[in-house]
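Report on the structure given below.
Where a number appears in this text, it was derived from the coordinates with a stated rule and is not lab data. Every value quoted in this text rests on a predicted model; they were computed, and no experiment measured them. When we count neighbours, we look across all protein chains shown, and the Cβ atoms used for this are built from the backbone with ideal geometry, even at glycine.
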Amino acid sequence: MAIVFVMLGAVLYVVSGLIRARSLDTELQQKAKVYARRWPLPPDRRNRPPRQLAPPMTSAEAEREGLDLGLIRRAEVQQLLAGARVLDMTGRSIVYTDQGALIPEHIRSDLNVNGIYGNTKVQGYDVRVFTYPIQENGKTVAALQYGALLEALKSDQADLLRVMLLMIPVALGVTTLLGFVLARRALKPIAELGDDIARIEADNLSKRLHVTGHDEFAKLSTRFNGLLERLDLAFKKQKQFVADASHELKTPLTVIRTRSDLGLRAERTPEQYKEHLQAIGRAAHSMTQIASDMLLLAQADENQLEIAREKVELKEVLMEAVDLSPATAKEKVNLETVNGAVIYGDRSKLVRLFRNLIENADRHTQPDGHIQITASKGPSSVSISLKDDGSGIAPEHLDRLFDRFYRVDRARDRQQGGSGLGLAISKSIVEAHRGTIKIASEIGKGTSVQIDLPIA
């Protein structure tokens, strides 16, 4: 800021000096042109005797009368410079015989018709001189010289410099104070933003930043609140996932512990040991399946789900998925598909996808219910629709169906072996194949699943 003020002051000083010098030159030029219009001079104005000027004042006289000798000398020079000096081409004065050329070398026959400027000294004072030609029939016959002291110009510039030197510290003080106030005012929202952020803890992401106005800080706060909302949702899902995973693993672990304690508590018959081992095996298998499903979902979250890219016939995938489904599901399925619909993807994961959906539909339909599977081929994708006529799902559950361990009827699903990860896994497989999956349902009328996959 200080450098800017100094630079502005320097520019102002230089420009002011140039403007004053230009004004002085213009004044001298105008005087010369006005006088030149009087030419030729009448005889009574030529060759006049020397002017009667007051004799120069001595320093003793000035001291005795209490006058400033410097001002007296300047006034005497101004008296000498008063009026025009009219000179012939030899430099001799035409009007007053005691007047000579201020700058003799400017008196010449080839003098520029617009006149020329120059500087000289008179009794130690700097003088600005303008020489202007007087012409008759295109020939220069005389010249006019006007002079003016440069002392006033220098004095004005010195006064301006002093004022500027006094004003710069004042201006710097004012701008510093103003800058401090403006900076504090501008940084206040940042301080408030920092305080709000400091109050947000990892275990309480529900707090939000205070948003006021429509400036950049308000936009930043709004976007940060959006980030907090996403983080809060992610943390809640993570906590819920851990709690649900612990709950799911608790049941088979309880079975294993209970059965092993019972088997070791007393002597048992071979049949009883076999029964306990079979129960432990089923529980271990359930734990293995849950761990495998959780690993698959973790890989999908990190975009590391391994997909074998190969051409797969959709009809064969759907038929295999039906064959691997429980007998109760096979009796309900009616498959309608098209030949030649080829998908570029992982056959085993696609089979798992449709098997999950078929088993899920089977659990939500009556023993005499129906599961209709149809497939159609479009220009760039194939659409697979799976509809059942089961009990249907309430609207408030539809948005959470793909959440991990989420169940509409938790008690019934555990009894039937559902882990709550089937739909989450199905969605991960579809997205890994760059497809989409949607679920629609209506209470009492059933549920429909729509899947679109790109064709090879």
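Some points to look at:
- Share of alpha-carbon pairs per 10 Å distance bin for the stretch 264-315, given as whole %: 20, 24, 23, 17, 13, 4
- Of LYS207/LYS427; LYS207/LYS237; LYS330/LYS438; LYS349/LYS427, those spanning more than 20 Å from alpha-carbon to alpha-carbon: LYS207/LYS427; LYS330/LYS438
- Straight Cα distances below 28 angstrom link LYS139 to the lysines LYS31, LYS33, with same-chain residues fewer than 8 positions distant left out.
- Value of relative contact order over the stretch 236-301, rounded to a whole percent, pairs C-alpha under 8 Å and six or more apart: 38
- Largest first, the three principal axis extents of the alpha carbons in the chain are 157, 57, 37 Å in whole numbers.
- Convex hull of Cα atoms in the stretch 310-454, direction-averaged projection (nm²): 8.0
- Top positive-direction residue, dipole computed over the chain with Cβ charges, set THR374, TYR406, PRO104: PRO104
- Antiparallel DSSP beta bridges within the stretch 310-454, as percent of all bridges there, nearest 5: 85
- Working ranking of peptides 374-386, 213-225 by packing, defined as the average number of other Cβ atoms within 10 Å per residue, highest first, is 374-386, 213-225.
- Antiparallel bridge percentage (DSSP; both residues within the chain; nearest 5): 90
- Quotient of Cα Rg and 2.2 N^0.38 Å for the stretch 236-301, N being how many residues it contains: 1.42
- Max-minus-min Cα coordinates of the stretch 160-288 on each principal axis give 118, 26, 18 Å, with the largest extent listed first.
- A Förster distance of 45 Å, applied to the separation of the beta-carbon atoms of MET7 and ASN225, puts the FRET efficiency at 0.50.
- Summary of the geometry: the stretch 295-321 and the stretch 181-235, compared by the centres of their Cα atoms, lie 42 Å apart.
- Relative contact order of the stretch 310-454, defined on C-alpha pairs under 8 angstrom at six or more residues apart (%): 24
- Cα gyration tensor, the stretch 2-160 - rounded (a/c under 1.5), prolate or oblate: oblate
- Translational diffusion coefficient (Stokes-Einstein; Kirkwood radius from C-alpha pairs) of the stretch 56-96 at 20 °C, 1.002 mPa s, in µm²/s: 176
- Our summary gives the chain a relative contact order of 9 percent, counting only alpha carbon pairs under 8 angstrom and 6 or more residues apart.
- This model, with +1 at the C-beta of Lys and Arg and -1 at the C-beta of Asp and Glu, gives the chain a dipole about its Cα centre of some 1440 debye.
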